[in-house]
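Step one of this worksheet: look at the structure below.
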Amino acid sequence: MTMRVGGSSDPLVFDQIFINGDLADLIGRVHEARTIVDLGANVGYASIVFLNAFPDAYVLAVEPDSRNAVLCACNLAPYGNRARLVEAAAWSRSCDLMLVRGAFRDGKEWSTQVRPAQPGEMADVKALDMPTLLQMCPRPVVDILKIDIEDAESTLFAEDAERWLKCVRNLCVEIHSPEAASIVEQALRGFQFEPLQSGEYNVYLNLTPKRAPLRHDGPWREPTKSRPLAPAPTPSRSG
């Protein structure tokens, strides 16, 4: 397993995932997973945990920072075709983005953010929307979607999230701001789920769209009560 030292965030991520077991409660509640998407894969430690926990799983790992992606590719290489690394950023739409390094949280490698490229800027990385990323998966349903994208969740969930959330069975999100928390909550209002806290992750188990309420055409009226039928006249007998 590859790791940077000397002030890198890699040992912190290692402790979070392997020592503290931030994903352990989630993994303990999901009995089978065949398709897993890891958004904000960093150097691949969470993907490794998923691949080891679910031997039949395929993991799509998505990481925008090229410095992290190089190490992620090395760490996932032993899993062969069970894992695929995409060097891109998850966003609400496909577009060009700039990397923002050293400005968020402690400024280390695990806190790289992205922002839209301005006119005249040479983009650092491509943004892919969720429908595009889901098309890269071998199956139409994602058993676990893990999201740790340094507050970009506020953008990812802000536009038409219900459309792709219908393809997700279990959702795992690290939320980085009160604004992001509100946006994620709004996106999930049309779904039923079982909430769970797994380390620093907010987990939504067994995600299922709520049934739409029955619709009535026109105003409601009380049903008309039927009158009891009058007894049929008794036929007279002739003597």
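General observations
- Spin-label zone in region 97-122 - amide nitrogen under 13 Å from a point set 7 Å from the Cα of SER8 along the C-beta vector: 109-110
- Sorted by Cβ density within 10 Å, fewest first, the residues THR132, THR35: THR132, THR35
- Order by protection proxy (mean Cβ within 10 Å, highest first), peptides 114-122, 180-188: 180-188, 114-122
- Summing Cβ point charges (Lys, Arg +1; Asp, Glu -1) relative to the Cα centre of the chain gives a dipole of roughly 1620 debye.
- Which of TRP164, TRP91 has the fewest Cβ neighbours within 10 Å, and the rest in rising order: TRP164, TRP91
- Structure remark: mean-square fluctuation, Gaussian network model of the chain, C-alpha springs under 10 Å; the largest value among GLU179, GLU153, GLU109 belongs to GLU179.
- Put in order of Cβ neighbour count within 10 Å, fewest first, the listed residues LYS126, LYS210, LYS146, LYS166 become LYS210, LYS166, LYS126, LYS146.
- FRET efficiency, ASP56 to GLU162 (Cβ-Cβ, R0 41 Å, nearest 0.05): 0.90
- Here region 53-118 is assigned +1 on the Cβ of each Lys and Arg and -1 on the Cβ of each Asp and Glu. Its dipole about the Cα centre then comes out at about 100 debye.
- Size descriptors for the chain, from the alpha-carbon set: Rg then Dmax equal 25.8, 121 Å.
- Inter-site label distance for GLU32 and ALA117 at 7 Å from Cα along Cβ, in nm: 4.3 nm
- Under 5 Å from the amide H of ALA88 lie the amide H atoms of GLU63, each residue being 5 or more positions distant or on a separate chain, with H modelled from the backbone and absent for Pro and chain starts.
- P(r) tail fraction, region 41-110 - alpha-carbon pairs more than 14 Å apart, %: 60 percent
- From phi via Karplus (6.51, -1.76, 1.60), per-residue ³J(HN,Hα) for region 33-41 in Hz, x at Gly/Pro: 9, 10, 10, 10, 10, 10, 8, x, 6
- Net length available on complete extension from ASP25 to ASN81 is 17.5 nm, with 0.36 nm assigned per residue and the Cα-Cα distance removed.
- Of all beta bridges that DSSP places with both ends in the chain, some 45 percent have antiparallel geometry.
- The alpha-carbon of LYS108 sits under 14 angstrom from the alpha-carbons of these aspartates and glutamates, leaving out residues fewer than 8 places away in its chain: ASP10, ASP65, GLU150.
- The equivalent ellipsoid that matches the C-alpha gyration tensor of region 1-131 spans semi-axes of 25, 18, 13 angstrom, in descending order.
- In this label model, LEU99 and SER182 are separated by 3.2 nm, measuring between points 7 Å along each Cα→Cβ vector.
Quick note: the coordinates plus some simple rules give every number you see, no bench work behind them. For clarity, every value in this text was computed on a predicted model and none was experimentally measured. Here Cβ is always computed from backbone atoms with ideal geometry, including for glycine, and neighbour counts include all displayed protein chains.
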